[in-house]
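Colleague: Dropping a structure here in structure tokens format, bear with me for questions.
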Amino acid sequence: MNNFKKLAIFGVLFILIYLGPVPVGPTTFSQFWKIPLFLFLIWQVLIIRNRRKPNFIKWSYARAGKNLVTANFSVSYFASIIDFVRYMMFPLMFEYALIKIKDLRNLDKILLGFAQFVVLSGIPFILGILETKAKDTVDYESFGTFSGMFQNSHGAAITTTTAVLILIAFLKAKSSIIKYTKLNYAITIFGIYLIYLTFVRTGYAMLAIGLLFLFLPKKFSIKQIATATLTIAILAIGFFYLLETNETFYNRIFDIRNGKQTAAGSGRLIFWQTAVELWYSGNLFEMLFGFGFDALVDKIKEATGIRVYAHNEIFTQLGQNGILGIVFFLGYLVSLFKFIWKRKNRPSYRLALSVYFLYLSLMLTQGGMWFELDVFMVLVYVKLEFEDMMFKKVNVLRKKRNIEEALTLADAR
């Protein structure tokens, strides 16, 4: 792929993401342009192709389909269909990438290129060339948060954090596809700066957790313990220095807005309690299948004045999709972890594990589906699967050659 074609693709992708919050009838441009993509993937994966699927992909399809069966589907069918499409993107993209990407090197180029694109997309916003269209710029006006081309500062923090971790993983592995090492270090540092500017605690936690699992060694040595201790000490000193010298950072960390302390965890405890109360108030069918998205966010609005989901995927699924929603979510998490663990001797295992726990931390503190994060997860897990497939092919060829050599030796005797 030549450079002009790459720039054209990333240019189109930038426009699609940047215009995401723009209203289009009853929905947004972000949801609108994903509908033809969803239909294309359905056509490619479910109708034309028929191949064996990993268990976590089966759980993903079940998790998506569950959104179409809730107690209030006839009332809030539009929101349920939108959620169905959003949750279907991950398994469909995984299967499509597994089919269409032909070799590991091309996959690495796509993964690294997308990570670079996410970070570099922040440049025009930092320079003041473009203004963000993010939905939450008013809510956090006093903080001056960075949102870039994304729909909100949380989306910017989550996606940029994942991009930075992928860049670090490629640099750590000294990948041959990195042509300009110093430039990629500079991009990584700029990405960390963007994460800081989001002032999103979820993003900070994701970065810390991702780095922990990315660099966690199989066996500890004195040198590694000393290096880890020094790194943690530097980070801690930097953190407390920012608390002391940067009022914006201090206010965001302790959730102070307009000089007032807000509810613990931005009201998360109230969100979780409301979701549980909604679920507990239902009949047997509602407790099993949930109340649907609209009923959940309306109930939370009654309690807090804010129409949001529960900011924790377990509690969101409990109110929205009931016990079955939690079962499908946990089934997906467990099967995905098994998929990664079985490939623990592959080169991308550390990166895959890092992205998994990064995602898990996001689900416990925020929840929801994030399209750009889904793209990263798809590419990382397809990369892990490619490495496993290559390893198995090499083993088969090696066994075949050993058998042929043994037969040749037996004939000679």
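Colleague: Could you check R346 against (1) at pLDDT 95 or above; (2) crowded, with 17+ Cβ neighbours inside 10 Å and say which number it fails?
Modeller: All conditions pass for R346, except number (1).
Colleague: Within the stretch 307-321, track down each residue that is surrounded by 20 or more Cβ atoms within 10 Å (Cβ to Cβ), free of Cβ contacts under 8 Å to residues at least 60 places away in the same chain and not in a loop (DSSP other than H, G, I, E, B).
Modeller: Result: E313, F315, T316, Q317, L318, G319.
Colleague: Another one. Name the pairs: first residue in the stretch 365-380 and closer than 16 Å to Y309 by Cβ, second residue assigned to a helix (DSSP H, G or I) and of a type outside the set (A, V, I, L, M), Cβ to Cβ under 6 Å, at least 6 apart or on different chains?
Modeller: T365/T202; Q366/T202; G367/E313; G367/T316; M369/R86; M369/Y87
Colleague: Same structure, new question: Could you list, in sequence order, all residues of the stretch 12-30 that are surrounded by fewer than 16 Cβ atoms within 10 Å (Cβ to Cβ) and polar (S, T, N, Q)?
Modeller: Within the stretch 12-30, just T27 meets the criteria.
Colleague: Do we find that A275 is touching a Gly at 6+ places or on another chain (Cβ under 6 Å), on the phi < 0 side of the Ramachandran plot and not charged (D, E, K, R) in this structure?
Modeller: Numbers: touching a Gly at 6+ places or on another chain (Cβ under 6 Å): yes; on the phi < 0 side of the Ramachandran plot: yes; not charged (D, E, K, R): yes.
The answer is yes for A275.
Colleague: Could you list, ordered by first residue, the pairs with Cβ atoms under 8 Å in which the first is in the stretch 322-340 and closer than 28 Å to G282 by Cα and the second is assigned to a helix (DSSP H, G or I) and among the aromatic types (F, W, Y), at least 6 apart or interchain?
Modeller: The qualifying pairs are G322/W279; G322/F289; L324/F289; F328/W59; G331/W59; Y332/F56; Y332/W59.
Colleague: Could you check how many residues of the stretch 333-361 are of a type outside the set (S, T, Y) and part of a loop (DSSP other than H, G, I, E, B)? Steps first, please.
Modeller: From the stretch 333-361, those of a type outside the set (S, T, Y) are 333-334, 336-347, 350-353, 355, 357-358, 360; that's our starting set.
From what's left, part of a loop (DSSP other than H, G, I, E, B): 342-347.
Counting residues in the stretch 333-361 that are of a type outside the set (S, T, Y) and part of a loop (DSSP other than H, G, I, E, B) gives 6.
Colleague: Something else now. If only one of F190, F220, F249, F199 is over 21 Å from R350 (Cβ atoms) and modelled with pLDDT under 65, which one is it?
Modeller: F249
Colleague: Given the criteria out of contact with any Phe, Trp or Tyr (no Cβ under 8 Å at 6 or more places or on another chain), surrounded by 22 or more Cβ atoms within 10 Å (Cβ to Cβ), within 30 Å of A156 (Cβ to Cβ) and not polar (S, T, N, Q), does V355 qualify?
Modeller: On the way: out of contact with any Phe, Trp or Tyr (no Cβ under 8 Å at 6 or more places or on another chain): no; surrounded by 22 or more Cβ atoms within 10 Å (Cβ to Cβ): yes; within 30 Å of A156 (Cβ to Cβ): yes; not polar (S, T, N, Q): yes.
Considered against the rule, which asks whether it is out of contact with any Phe, Trp or Tyr (no Cβ under 8 Å at 6 or more places or on another chain), surrounded by 22 or more Cβ atoms within 10 Å (Cβ to Cβ), within 30 Å of A156 (Cβ to Cβ) and not polar (S, T, N, Q), V355 comes out as no.
Colleague: Let me confirm something: among L104, L7, L13, which residue is within 20 Å of the chain's Cα centre (by Cα), modelled with pLDDT of 85 or more and farther than 27 Å from G290 by Cα?
Modeller: Values: L104 fails: within 20 Å of the chain's Cα centre (by Cα); L7 fails: within 20 Å of the chain's Cα centre (by Cα).
The unique qualifying residue is L13.
Colleague: Looking at (1) among the basic types (K, R); (2) farther than 15 Å from M89 by Cβ; (3) surrounded by 14 or more Cβ atoms within 10 Å (Cβ to Cβ), which is the one condition that is false for K34?
Modeller: (2)
Colleague: Out of K338, K301, report the one residue that is modelled with pLDDT of 85 or more, farther than 28 Å from Q116 by Cβ and basic (K, R). Step through it out loud before you land on a result.
Modeller: Details: K301 fails: modelled with pLDDT of 85 or more.
Going through K338, K301 in turn, just one is modelled with pLDDT of 85 or more, farther than 28 Å from Q116 by Cβ and basic (K, R): K338.
Colleague: Based on this model, can you work out whether P124 counts as touching a residue at least 24 places away in the same chain (Cβ under 8 Å), in a helix (DSSP H, G or I), of a type outside the set (D, E, K, R) and surrounded by 15 or more Cβ atoms within 10 Å (Cβ to Cβ)? Give the derivation first.
Modeller: Values: touching a residue at least 24 places away in the same chain (Cβ under 8 Å): no; in a helix (DSSP H, G or I): yes; of a type outside the set (D, E, K, R): yes; surrounded by 15 or more Cβ atoms within 10 Å (Cβ to Cβ): yes.
Against the criterion (touching a residue at least 24 places away in the same chain (Cβ under 8 Å), in a helix (DSSP H, G or I), of a type outside the set (D, E, K, R) and surrounded by 15 or more Cβ atoms within 10 Å (Cβ to Cβ)), P124 does not qualify.
The values are calculated or read from the model by the stated rules, or taken from the named source; none is laboratory data. As the structure is a prediction and not an experimental result, all values here were calculated from the model. So basically every Cβ, Gly included, is an ideal-geometry build from the backbone, and we count neighbours across all protein chains shown.
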